[in-house]
Amino acid sequence: MSVIPTRTLSPRGRALMRAIVIGGGPAGLMAAEVLSRGGAAVDLYDAMPSLGRKFLMAGKGGLNLTHSEPIESFLERYGARRAEVEPWLRTFGPDDLRAWAQGLGVETFVGSSGRVFPREMKAAPLLRAWLHRLRGDGVRVHVRHRWRGWEGGDLVFDAPAGAQRARADAVVLALGGGSWARLGSDGRWVQILAQRGVAVASLRPANCGFDVAWSEHFRARHAGQPVKTVRLGYTDDAGVEHARQGEFVVTQHGVEGSLIYVFAADLRDRIERAGHAVIHLDLLPDHTADRVRAELAHPRGSRSFSSHLQSRLGLTGVKAGLLREALSTEAMADPARLAAALKALPFTLQAPRPIDEAISTAGGVAFAGLDERLMLRDLPGVFCAGEMLDWEAPTGGYLLTACFAGGHAAGRGALAYLRGAGIRPSAERAGWDAGATG
């Protein structure tokens with residue numbers, strides 16, 4: 001087993017501050033940037049052959065970096081974990097993230113939905129520029145190094161050259177959740193930390209699809225098709241109605257997509273409590289209930305029922321298929337019941353899809369075990385960041401922004417810890433402010 005040197009002495013024999021970051025996603029890279037620009041010598045480890053693989057996949061269809069809505073509305077997206085996440089976002093929020101990207105030469109713009117994207121839309125140019133800057137700052141990158149825990153005071157990694165040991169004055173863990181394991185977020189760290197007595201809430205799927213018991217006929221005809229411009233609603237346990245307009249996709253197993261992800265946390269929790277969750281689809285959100293009833297009252301003459309629905313209400317394709325999937329022949333023949341169903345078509349969600357299919361995960365390291373710097377109370381000098389903490393957020397820029405902000409917070413916390421321990425910076429950077437990253 002070889003040892004990677006991660007601690008050196010100054011000519012006067014004083015220790016120079018050294019940090020290790022494990023995990024090469026947005027949270028880990030941001031922590032590495034804050035630490036390196038604060039004067040620490042940083043070694044960054046990742047299990048995959050290259051860094052930021054899940055980040056690149058998330059940006060494959062257009063990188064939704066953050067959101068432009070007012071900060072108070074933005075913070076509400078973190079639900080029960082707002083109090084824990086808010087300090088990160090107050091220090092490094094959506095505007096700071098856009099300014100940071102600008103510092104990398106990446107222009108951003110606000111889309112019609114309020115979401116913020118890079119001008120080039122993709123994640124790759126931003127990641128390339130970022131890694132170039134990190135390496136220029138002296139961050140040493142070690143890929144294909146899978147962390148397997150501690151032996152004594154050393155961190156141990158499985159690497160192509162065999163087992164490697166490393167030691168530093170501060171460690172930032174940014175190992176992701178448990179989804180998309182093929183890209184590196186496999187959740188293996190849960191057992192490692194649990195063995196050290198760290199409280200970890202069970203990982204659960206977030207921003208996920210759900211199972212629906214489609215008929216074989218419907219599945220064969222419509223799986224893979226988008227359902228556009230509908231309004232999805234449900235009633236929570238307190239009797240409060242929630243609804244939003246958007247679109248989703250029919251899958252072989254059920255439903256997924258942006259409109260589903262908005263409510264995924266609540267629907268998942270409802271299923272865990274009750275065994276299922278019922279949603280209602282307004283297939284014609286631009287039509288009032290009165291208009292739907294009036295259109296259905298028109299005689300259809302010799303036209304087929306399908307032609308009548310298409311002619312009077314524009315209902316075709318997958319929407320017509322959903323209607324037939326949920327309603328009996330008897331209900332379809334009753335104008336009052338049909339009109340009501342078109343505005344509130346019920347479907348039962350049976351279970352969330354498996355965790356590895358989810359965009360992100362809920363659960364993770366409990367905040368009770370962390371101090372305000374995101375350091376583990378029982379493991380001094382060890383900090384946690386990103387999706388491996390027990391919070392969740394919907395897509396739309398909220399999840400990614402908090403990963404950046406959480407990495408920034410953990411980096412600041414580790415830097416404060418190093419300085420508080422009286423460890424000397426390895427390279428002074430004139431004018432560096434620990435609150436900046438650009």
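The values are calculated or read from the model by the stated rules, or taken from the named source; none is laboratory data. As the structure is a prediction and not an experimental result, all values here were calculated from the model. Cβ: placed from backbone, ideal geometry, glycine included. Neighbour counts: every protein chain shown.
List of remarks:
- Test for D390: is it modelled with pLDDT under 95 and at negative phi: no
- Residue under evaluation W130, criteria (1) closer than 27 Å to G257 by Cβ; (2) buried (at least 17 other Cβ atoms within 10 Å of the Cβ); (3) over 18 Å from the mean Cα position of the chain (by Cα), criterion not met: (1)
- Odd one out for G105, checked against (1) within 27 Å of L193 (Cβ to Cβ); (2) not in a helix (DSSP H, G or I): (1)
- D286 being outside any helix (DSSP H, G or I), outside the structural domain of Y398 (by TED's automatic domain parsing) and at pLDDT below 95: yes
- Here A201 does not qualify as in contact with a strand residue (DSSP E or B) (Cβ under 8 Å, 6 or more places away or on another chain), closer than 30 Å to R412 by Cβ and not assigned by TED's automatic domain parsing to the domain that holds K54.
- Just one of the listed residues (G79, G103, G114) is more than 26 Å from A265 (Cβ to Cβ) and touching a residue at least 12 places away in the same chain (Cβ under 8 Å), and it is G103.
- Just one of the numbered conditions (1) at pLDDT below 95; (2) out of contact with any strand residue (DSSP E or B) (no Cβ under 8 Å at 6 or more places or on another chain); (3) on the phi < 0 side of the Ramachandran plot is not true of R133: (1).
- Against the conditions (1) over 25 Å from R353 (Cα atoms); (2) surrounded by fewer than 18 Cβ atoms within 10 Å (Cβ to Cβ), Q252 satisfies every one except (1).
- The residue of segment 255-282 that is nearest to I359 (Cα to Cα), among those that are among the small types (G, A, S) and over 21 Å from the mean Cα position of the chain (by Cα), is A277.
Residues checked against (1) of a type outside the set (S, T, N, Q); (2) in contact (Cβ under 8 Å) with a residue 40 or more places away in the chain; (3) in the same structural domain as E325 (by TED's automatic domain parsing):
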residue: A166; (1), (2), (3): yes, yes, no
residue: G177; (1), (2), (3): yes, yes, no
residue: I192; (1), (2), (3): yes, yes, no
residue: E216; (1), (2), (3): yes, no, yes
residue: R219; (1), (2), (3): yes, no, yes
residue: P226; (1), (2), (3): yes, yes, yes
residue: T229; (1), (2), (3): no, yes, yes
residue: F248; (1), (2), (3): yes, no, yes
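- Given (1) in a loop (DSSP other than H, G, I, E, B); (2) charged (D, E, K, R); (3) in contact with a helix residue (DSSP H, G or I) (Cβ under 7 Å, 6 or more places away or on another chain), number of the condition E387 does not satisfy: (1)
- Test: L399 is of a type in the set (A, V, I, L, M), closer than 25 Å to A243 by Cβ, in the same structural domain as G197 (by TED's automatic domain parsing) and not in a strand (DSSP E or B): yes
- Tally, over segment 74-100, of residues that are of a type in the set (G, A, S), exposed (fewer than 13 other Cβ atoms within 10 Å of the Cβ) and at pLDDT 95 or above: 1
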